[in-house]
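Note sheet for the following structure.
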Amino acid sequence: MQIKIKSSFLFSLAISASLWACQTKKLSNDITLAPPTSFRSEQAVDADSSIGNVPWWEFFQDPVLQQLIDTALQQNADMQLALKNIESAQLMFTQAKAGNLPSLQLQVQANSTNPSNNSLNGLSLGQFLGQNHIEDYTVGLGLSWEADIWGKIKGKKAAALAAYLQTEEARKAIQTQLVNQVAKGYYQLLMLYRLQEIAQHNLRLSDSTLQVVQHQYEVGDINLLALEQVAAQRQAAAALIPDFQQQILLQENALHVLSGDFPKEIHTATTLDAVNLPTDLAVGIPAELLSKRPDVKQAELSVTASRAYHQVAKAQMYPSLSITAQAGVNAFKASNWFNIPASLFGAVTGSITQPILQRKELKTQYEVARVEYEKSVVQFRQSVVNAVGEVSDALISIQKLKERQEIVQDKTNRLKAAVKHADLLYETGSASYLEVITAQSNALQSELELVQIHKAELVAVVDLYRALGGGW
């Protein structure tokens, strides 16, 4: 009767503690987010197509750029670390999947005890066995298993799966960023080559002007001041060339380092004006970013993992049912160790454990898990907002850069014509040398500006491609 009373008491205590643990704040599962139906731009939206779906080797058709990207994806340190993170997360997920399996341990133990002859154990040992020490030899298997009643193990498996998938999305995010950086660095290199060509052409014009002024100075038509100013203008044009050459070499080094390679020369096969990128910049709808953008998907998986950790923290407050079993052979003498079946032993134990004094600690862990979940929801929503904003920014940049390019192109054409007119007028004596210098300087600056705008437009297209989830 006493055993029944004690069992009933323990059972009631476990039930009461379980009900007490259930009195926690419920977790909201609402992470719904309604993206806008279109991006902020004047471009029409086609829900069935997006350049983000185009593979990078089709989006970028320059063979040199393709080789640089391919090398970067294979050798870049960040990519290699991302692959190692995936491998590590996969191992952790494999371990978590085995959470429902029992654990099995093998124990081999031998000990010899020599108690005091004046102790109760020593007197008993001498009286019954006629010796002053006792030996004990044991070989046994121990098995333990916890029933997943409240979903604790299931929650750990779900969290491990989400963590594994997060590492895969992280790899995709690194790849899209890497493709973006290599492409922009390559277009920067092409721009520098074009700027160098413009500077060299302008230097040749300055040389021609200087020769004319030098001849006029020698015959006495102009003074030394005019000659010195034209010569200084020529030196200013010449100084641009080593500056661009330096930037070209540094940009080549940066591209190779980004690709995980040692610095060396890059042999380009095209020019900035000949770069071909898709002209039909279809962007799809914002809702597509939820499944296409790796960083958005990673943030969504973070919500899933946080929800799973919250479930585990909640299950920690509930009673746990554990079953343990032991079996093997045991003997006082080594000679009888494997005397079967006399030396066999076995034991099975079942226990229900309900945390009580740890209540505050477990409740705190539960509340922290809830807060972390709510933080992950906020971060997920913000990642969607950022993704839509990046696409809108890229679209606006492309549109406005095209408008600016048309204006600067017209200005450049007019300034080039002005240089020719200034040369003719100067030869006939209708214009001063200052007007010739000013015309050449203005034309040079306008040409340099036009090239930089063209490069900026290419960069904006590449940013749009990445913002739409393209590149992985």
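When each of 194, 204 is tested for being free of Cβ contacts under 8 Å to residues at least 12 places away in the same chain, more than 23 Å from the chain's Cα centre (by Cα) and in the same structural domain as residue 81 (by TED's automatic domain parsing), the lone residue that passes is 204. Taking the conditions exactly as written (in contact with a Lys or Arg (Cβ under 9 Å, 6 or more places away or on another chain) and among the charged types (D, E, K, R)), does residue 381 satisfy them or not? So residue 381 does not fit the description; no.
Tallying residues that are touching a residue at least 60 places away in the same chain (Cβ under 8 Å), more than 45 Å from the chain's Cα centre (by Cα) and under 30 Å from residue 151 (Cβ atoms) within the range 313-355 yields 2. Residue count for the range 218-235 under the criterion of being acidic (Asp, Glu) and either assigned to a loop (DSSP other than H, G, I, E, B) or farther than 29 Å from residue 441 by Cα (or both): the result is 1.
Conditions (1) part of a helix (DSSP H, G or I); (2) within 30 Å of residue 184 (Cβ to Cβ); (3) assigned by TED's automatic domain parsing to the domain that holds residue 290; (4) in contact with a Phe, Trp or Tyr (Cβ under 7 Å, 6 or more places away or on another chain), marked per residue:
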site: 369; (1), (2), (3), (4): yes, no, yes, yes
site: 374; (1), (2), (3), (4): yes, no, yes, no
site: 380; (1), (2), (3), (4): yes, yes, yes, no
site: 385; (1), (2), (3), (4): yes, yes, yes, no
site: 423; (1), (2), (3), (4): yes, no, yes, no
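Among the residues of the range 200-217, is there at least one that is modelled with pLDDT of 85 or more and of a type in the set (Phe, Trp, Tyr)? Among the residues of the range 200-217, not one is modelled with pLDDT of 85 or more and of a type in the set (Phe, Trp, Tyr), which makes the answer no. Per the listing 269, 238, the residue uniquely closer than 19 Å to residue 447 by Cβ, surrounded by fewer than 16 Cβ atoms within 10 Å (Cβ to Cβ), in contact with a helix residue (DSSP H, G or I) (Cβ under 7 Å, 6 or more places away or on another chain) and among the small types (Gly, Ala, Ser) is 238. Only residues that are crowded, with 23+ Cβ neighbours inside 10 Å and in contact with a Gly (Cβ under 8 Å, 6 or more places away or on another chain) were counted across the range 57-67, and they come to 0. Considering (1) among the β-branched types (Val, Ile, Thr); (2) in a strand (DSSP E or B); (3) within 30 Å of residue 232 (Cα to Cα), the lone condition that residue 198 does not fulfil carries the number (2). Checked against (1) buried (at least 18 other Cβ atoms within 10 Å of the Cβ); (2) among the polar types (S, T, N, Q); (3) touching an Asp or Glu at 6+ places or on another chain (Cβ under 9 Å), residue 188 passes all but a single condition, namely (3). With respect to (1) over 51 Å from the mean Cα position of the chain (by Cα); (2) assigned to a helix (DSSP H, G or I); (3) not β-branched (Val, Ile, Thr), the lone exception for residue 135 is condition (2). Residues of the range 425-471 that are surrounded by fewer than 21 Cβ atoms within 10 Å (Cβ to Cβ) and in a loop (DSSP other than H, G, I, E, B): 428, 429, 430, 431, 432.
The values are calculated or read from the model by the stated rules, or taken from the named source; none is laboratory data. As the structure is a prediction and not an experimental result, all values here were calculated from the model. We place every Cβ from the backbone using ideal geometry, glycine too, and count neighbours over all the protein chains shown.
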